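Asks: Let me begin by handing over the structure; questions about it come next.
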Amino acid sequence: MLKKTVAAAILMSAAMAHAGVKKTSWGKMPDGTPVELYTLDDGVLKVKITNFGAHLVSVEAPDRNGKKADVVLGYKDLAGYLSDDDTYVGAVVGRYGNRIAKGTFSLDGETYHVPLNDHGNALHGGTVGFDRKVWTGKVLPDGVELTLVSPDGDMGFPGALTAHIRYTLHGDRLQLEYSATTTKPTVLNLTSHAYYNLAGEGNGNVLGQKVTINADRYTPVKPDLIPTGELAPVDGTPLDFRKSTAIGERIDVENDQLKIAGGYDHNYVLNGSGLREAVEVVDPVSGRKLTIHTTQPGVQFYSGNFLAGAHTGPSGVAYGKHAGFCMETQHFPDSPNQPSFPSTELKSGETLHETTVLEFSVAK
């Protein structure tokens, strides 16, 4: 678990390091709305972000020999993102990331319906989620703040919601800060749906990369990938990543949960609270290491099971099964319908604030 002193050091480094920020035009939406690309570069990492869907476009990080590679799956231009409406590569998803059973939930005695887009359920905010919207960008000294106003009734959700995400770069750390306010009580679950391949995007699959997750429990799912409501122990299951384990080591073992998801696609109940270490992933070949710290209660580990070669990255390689993995720091799936899960309700007058820090380093 991340100690408070280490968490403080992460935040302190934010005040000490400075990244250069460059804004450029990145084309237009079909309706003519201009889209921008923001490049953050502090000499250690080079990060690109677009205001279309608040996508994390690329992260160039060094290996043990200092050679940099883009470790985030993405596309070379806006057209690539516009043509991909099913993988959510790099997007900030919302208003509710992950699944809501039957797209239906109740709040203060009222029932709300979100358009269905995933086998009879609502996934990542419905048919037109935050990943398909153009956010408003503002350059910061070390990054960019993206803002989206989602009107009352957008995709069936109550309340006019104003959401912000700040991407800031400090040395080897990319910090994501989410905040939001609403005019009416609503439900909210914002997360980054970035896919990572620490060997470099397009450079094979991620099955050999080794994962550690700071979680003793997870939320099992039914055949439609909706949680059963149980907080089950990982002990004795192939979902136990409390010790560093290659993604592919147990992915094909006989297990009902792995069979349902076609691999890993599960929410982990993170140990502890506050800003703490949640995940570590290491690529043994390149030595690149990703350490994730978060204030969120859960993380969705997805092993890219449904990538099917339909989309091609900047390297010219099609993204096939297991071409990348996701670690979506989040609240739990279907929380509005699961009373035992942490609440995702945001009331008028309240402000949501969550932080996730992505640290790219080299394993010793």
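The values are calculated or read from the model by the stated rules, or taken from the named source; none is laboratory data. Predicted, not measured: the structure shown is a model, and the values here were computed from it. Cβ placement follows ideal geometry from the backbone for every residue including glycine, while neighbour counts extend to all protein chains displayed.
Asks: Criterion first (acidic (Asp, Glu) and either crowded, with 21+ Cβ neighbours inside 10 Å or touching a Gly at 6+ places or on another chain (Cβ under 6 Å) (or both)) does residue 152 satisfy it?
Replies: Judged against the criteria, residue 152 is a match.
Asks: So, residue 59, is that one among the hydrophobic types (A, V, I, L, M, F, W, C), under 26 Å from residue 274 (Cβ atoms), at pLDDT 95 or above and not in a loop (DSSP other than H, G, I, E, B) or not? Full working, then the answer.
Replies: Numbers: among the hydrophobic types (A, V, I, L, M, F, W, C): yes; under 26 Å from residue 274 (Cβ atoms): yes; at pLDDT 95 or above: yes; not in a loop (DSSP other than H, G, I, E, B): yes.
The answer is yes for residue 59.
Asks: Among the residues of the range 76-95, which ones are aromatic (Phe, Trp, Tyr) and under 12 Å from the mean Cα position of the chain (by Cα)?
Replies: Answer for the range 76-95, where residues must be aromatic (Phe, Trp, Tyr) and under 12 Å from the mean Cα position of the chain (by Cα): just 88.
Asks: Which of the residues spanning the range 105-141 are of a type in the set (S, T, N, Q), surrounded by fewer than 19 Cβ atoms within 10 Å (Cβ to Cβ), farther than 19 Å from residue 53 by Cα and touching a residue at least 40 places away in the same chain (Cβ under 8 Å)?
Replies: Of everything in the range 105-141, just one residue is of a type in the set (S, T, N, Q), surrounded by fewer than 19 Cβ atoms within 10 Å (Cβ to Cβ), farther than 19 Å from residue 53 by Cα and touching a residue at least 40 places away in the same chain (Cβ under 8 Å), namely 106.
Asks: Continuing with this model, one more query. How many residues does the range 321-347 contain that are touching a strand residue (DSSP E or B) at 6+ places or on another chain (Cβ under 6 Å) and among the small types (Gly, Ala, Ser)?
Replies: The number of residues fulfilling the criteria is 1.
Asks: Please state which of the following conditions residue 290 fails to meet, knowing it meets all the rest: (1) surrounded by fewer than 22 Cβ atoms within 10 Å (Cβ to Cβ); (2) more than 18 Å from residue 342 (Cβ to Cβ).
Replies: Of (1) surrounded by fewer than 22 Cβ atoms within 10 Å (Cβ to Cβ); (2) more than 18 Å from residue 342 (Cβ to Cβ), only one is false for residue 290: (1).
Asks: Here's a follow-up. Here are the criteria: (1) more than 30 Å from residue 348 (Cα to Cα); (2) under 21 Å from the mean Cα position of the chain (by Cα); (3) small (Gly, Ala, Ser). Tell me which single one residue 236 does not satisfy.
Replies: Among (1) more than 30 Å from residue 348 (Cα to Cα); (2) under 21 Å from the mean Cα position of the chain (by Cα); (3) small (Gly, Ala, Ser), residue 236 violates only (2).
Asks: Do the conditions hold for residue 218, that is, is it outside any loop (DSSP other than H, G, I, E, B) and either without any contact (Cβ under 8 Å) to a residue 40 or more places away in the chain or touching a His at 6+ places or on another chain (Cβ under 9 Å) (or both)?
Replies: Judged against the criteria, residue 218 is a match.
Asks: Here's a follow-up. Just a yes or no: is a residue in the range 173-195 crowded, with 19+ Cβ neighbours inside 10 Å, aliphatic (A, V, I, L, M) and part of a helix (DSSP H, G or I)?
Replies: The answer is no, given that none of the residues of the range 173-195 is crowded, with 19+ Cβ neighbours inside 10 Å, aliphatic (A, V, I, L, M) and part of a helix (DSSP H, G or I).
Asks: Kindly indicate whether any position in the range 325-335 is surrounded by fewer than 17 Cβ atoms within 10 Å (Cβ to Cβ) and either in contact with a His (Cβ under 9 Å, 6 or more places away or on another chain) or of a type outside the set (Phe, Trp, Tyr) (or both).
Replies: No: zero hits.
Asks: Residues in the range 271-294: is at least one closer than 17 Å to residue 99 by Cα and touching a strand residue (DSSP E or B) at 6+ places or on another chain (Cβ under 6 Å)?
Replies: Checked against the condition, which is being closer than 17 Å to residue 99 by Cα and touching a strand residue (DSSP E or B) at 6+ places or on another chain (Cβ under 6 Å), the range 271-294 yields no hits at all.
Asks: Further question on the same structure: What number of residues in the range 221-230 are crowded, with 17+ Cβ neighbours inside 10 Å and outside any strand (DSSP E or B)? Explain how you work it out, then say what you get.
Replies: Initial filter on the range 221-230 (crowded, with 17+ Cβ neighbours inside 10 Å): 221, 225-227.
The next check asks that each one be outside any strand (DSSP E or B); those that pass are 225-226.
Summing the residues that are crowded, with 17+ Cβ neighbours inside 10 Å and outside any strand (DSSP E or B) in the range 221-230 gives 2.
Asks: In addition: How about the range 341-364: which of its residues are β-branched (Val, Ile, Thr) and in a strand (DSSP E or B)?
Replies: Within the range 341-364, 355, 356, 357, 362 qualify.
Asks: Got a sec? Which of 269, 211, 285 is out of contact with any His (no Cβ under 7 Å at 6 or more places or on another chain), aliphatic (A, V, I, L, M), assigned to a strand (DSSP E or B) and surrounded by fewer than 22 Cβ atoms within 10 Å (Cβ to Cβ)?
Replies: Of the residues listed, the single one that is out of contact with any His (no Cβ under 7 Å at 6 or more places or on another chain), aliphatic (A, V, I, L, M), assigned to a strand (DSSP E or B) and surrounded by fewer than 22 Cβ atoms within 10 Å (Cβ to Cβ) is 269.
Asks: To continue, here is another question. Kindly provide the set of residues from the range 85-104 that are assigned to a loop (DSSP other than H, G, I, E, B), charged (D, E, K, R) and crowded, with 19+ Cβ neighbours inside 10 Å, ordered by number.
Replies: The one that is assigned to a loop (DSSP other than H, G, I, E, B), charged (D, E, K, R) and crowded, with 19+ Cβ neighbours inside 10 Å: 95.
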